[in-house]
1. Can you tell me how the stretch 73-201 classifies by the Cα gyration tensor, rounded, prolate or oblate, using a/c under 1.5 as the rounded cut?
2. Please report, as a whole percent, how much of the solvent-accessible surface of the stretch 200-289 comes from carbon and sulfur atoms (probe radius 1.4 Å).
3. Rank by packing, highest mean first: peptides 241-254, 84-97, with packing defined as the count of other Cβ atoms within 10 Å averaged across residues.
4. Using 0.36 nm per residue of separation minus the Cα-Cα distance, give me the extension gain between Met210 and Asp129 in nm, one decimal.
5. Among the lysines, which fall within straight-line cross-link reach of Lys187, defined as a Cα-Cα distance under 23 Å, with same-chain neighbours fewer than 8 residues apart omitted?
6. With a probe of 1.4 Å, find how much accessible area the stretch 65-167 has per residue, and write the answer as a whole number in Å².
7. Could you give the nm distance between label points at Val120 and Val148, where each point is 7 Å from its Cα heading toward the beta carbon?
8. At 7 Å along the Cα-to-beta-carbon direction for both Asp180 and Glu69, put a label point, then send me their distance in nm to one decimal.
Amino acid sequence: TMPPVLRLLLWVAAVAAASAATQSHLQCNNPTRCVARTRCQTQTTLPPASELGLKVLYNLDTTLFNTTEDGHTVLRNDYARAWHTAANEKLFAWYEEGVIVGFFVGDELTWGGLPYADLVAAIDMVRHDFPTAIMYYNECWLVLVYDVDLFDNPIGYNRVPGNLSWISIDYYPDSGTIQDAKDIYNKNLYPIMSDNQFALYVPPSYGTTMDPDRYCGSANCTQAMVDWAWASYKWALEDQRIIGLNPWHWHCYPSETGYEQGAACMEAVRHTWQEIGARISQQNADLLD
């Protein structure tokens, strides 16, 4: 079993790496100690990311899933064919070459209406072809607490799919506190995970000009995000089940959404994640000496 600090380094989102970082969902202070998932998954972007030391999880959301006109997440009718085509054309080779280390299955899939059985079927299919790859997905906390989807349909989410490696939930100040997030992990997530599975936490890393008291839990979004970053880091160091942090988000959106300011345009927040990344990297170096 890897020591907690070393495990944490598998997914450290410290927003400091080179130009490739802006292409990624995760940005890293130390590119040799990071796993990223990128939407720019082409022959010209993934290999250079690997050369920088980024360990990439290939994003499968559009390969396996569609969104219907009424907003439901569903398996593609041709999901098996689409998967095998992608696997044979590039994914087997990229995995063998170390360009990718596994797969990001999707985001808030059952919350979006995907039947639990379909989630398991998709994960099992990928695992059959990649028995040792990392497989990770993020789910909405409401699924774990209330076992319903966005459309108020019951899900029956009684276990984290057995062939999944990592799972996370996102939990932000507009829902509650960092202690509330810990409580959900301890009461609702960990009891339905297998002993060989790990969790990530998706902390907030955003600002807004719309209603900061609501979205950030404070009139000062920057200070709130800095506080959440340090609290998340402390939690991850202390919790043996947390394998890493996946802050949301990086980009700065042009319109007011409530979450429009990402770490890219919040200097103090960005520097905080850089400092956290540097600490983790140093701890890892000390551990390996």
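The values are calculated or read from the model by the stated rules, or taken from the named source; none is laboratory data. Computed from a prediction, not measured in an experiment: that's the story for all the values here. Here the Cβ positions follow ideal geometry from the backbone for every residue, glycine too, while neighbour counts run over all protein chains shown. For accessibility, only protein heavy atoms count, side chains too; no ligands or nucleic acids. Shrake-Rupley method; radii C 1.70, N 1.55, O 1.52, S 1.80 Å.
1. prolate
2. 49
3. The densest-packed peptide leads the list: 241-254, 84-97.
4. The span from Met210 to Asp129 would gain 24.6 nm if fully extended.
5. Excluding near neighbours in sequence, the set is Lys234.
6. That works out to 45 Å² for each residue.
7. 2.3
8. Result: 3.7 nm between the two label points.
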